[in-house]
Amino acid sequence: MKRDPPPAERQAQEEEEEDAGEQKTPLWIFGYGSLVWRPDFEFSSRKVGFIRGYSRRFWQGDTFHRGNEKMPGRVVTLQEDYDACTWGVAYEVRGEQIAASLQYLNMREAVLGGYDTKLVKFHPQDKEADEPILALVYIATPQNPTYLGPASEEDIAAQIIVSSGRSGHNIEYLLRLADFMRYFCPQVEDEHLFSIEEALVSILPCLCQVEEP
């Protein structure tokens with residue numbers, strides 16, 4: 001039985017079917033992990049902002065980008081949380097950018113990362129828009145095979161310290177995300193993220209002392 005394409009893919013197909021002379025509706029893609037600093041696809045504009053009803057958690061395992069099969073890394077996913085907000089970046093893609101970005105992200109996030117897609121309401125930081133923007137987001141659910149689930153900040157930090165994949169070390173992933181939040185969202189206190197960063201910084205000196213001859 002042929003399955004219906006996900007909402008984002010349906011929108012991309014509808015874009016392709018529009019007349020060339022018409023103004024095409026853009027697609028917005030919300031990133032809250034490595035996409036905030038490394039989208040690796042062409043886009044027309046970007047906005048910093050947040051989505052409501054989700055909290056960011058280092059509960060997803062990564063056996064490709066920031067880890068491997070023997071030593072999975074820890075990357076972020078979203079957990080439904082009614083009172084929470086998650087800050088990140090939304091990218092606007094138009095025309096031919098839509099199909100190209102979806103094809104790339106399907107491999108990066110879905111095939112290699114175990115993420116599913118969902119549409120959410122994105123609220124820009126600049127307050128220019130009167131209404132929130134509907135955006136596509138990738139979320140790793142507990143049903144995917146590399147989902148790791150909750151752990152203490154100390155255990156997550158310890159796993160991040162020893163993990164590395166094809167996109168670089170897991171430490172870089174954590175620190176870049178923390179830097180983004182401090183620079184672009186200085187008014188936001190991401191307790192989960194900053195607690196893991198603090199735990200990592202406290203572990204590193206001990207690890208260096210052990211490795212010294």
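The values are calculated or read from the model by the stated rules, or taken from the named source; none is laboratory data. Fair warning: this is a prediction, and the values are worked out from it, not measured in the lab. Every residue, glycine among them, receives a Cβ derived from its backbone with ideal geometry; neighbour counts consider all protein chains shown. Calculation scope for accessible area: heavy atoms of the full protein, side chains included, ligands and nucleic acids excluded. Shrake-Rupley method; radii C 1.70, N 1.55, O 1.52, S 1.80 Å.
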Please arrange LYS24, LYS70, LYS127 by accessible surface area, largest first, computed with a 1.4 Å probe and ligands excluded. LYS70, LYS127, LYS24
Checked the stretch 103-213 against the a/c 1.5 cut and the a/b vs b/c comparison, axes a ≥ b ≥ c from its Cα gyration tensor; verdict oblate
In order over the stretch 196-203: 3J(HN,Hα) from phi, Karplus 6.51/-1.76/1.60, θ = phi - 60°, whole Hz, x for each Gly or Pro, gives 5, 4, 5, 5, 5, 4, 6, 7
THR25-TYR82 FRET efficiency (beta carbon distance; Förster radius 35 Å; 0.05 resolution): 0.70
Net dipole in debye of the stretch 22-203 [+1 Lys, Arg Cβ; -1 Asp, Glu Cβ; about Cα centre; nearest 20]: 440 debye
Suppose every K and R has +1 on its Cβ and every D and E has -1 on its Cβ; what is the size of the dipole of the stretch 50-110 about the Cα centre, in Debye to the nearest 20? 200 debye
Counting only protein chains, not ligands or nucleic acids, how are TYR183, TYR82, TYR147 ordered by accessible area (probe 1.4 Å), most first? TYR82, TYR183, TYR147
With the dipole of the stretch 22-203 defined by +1 on each Lys or Arg Cβ and -1 on each Asp or Glu Cβ, the option from TYR115, GLY95, LEU148 whose Cα lies farthest towards the positive pole is GLY95
As a test of reading the structure, rank GLU80, GLU153 by solvent-accessible area (1.4 Å probe, protein chains only), most first. GLU80, GLU153
How long is the gain from VAL48 to GLU198 if the chain were fully straight, where each residue apart is worth 0.36 nm and the alpha carbon distance is subtracted? 51.6 nm
For GLU69, the accessible surface traced by a 1.4 Å probe with all protein chains present amounts, in square angstrom to the nearest 10, to 150 Å²
Normalised convex hull volume, the stretch 22-203, alpha-carbon set, Å³ per residue: 115 Å³
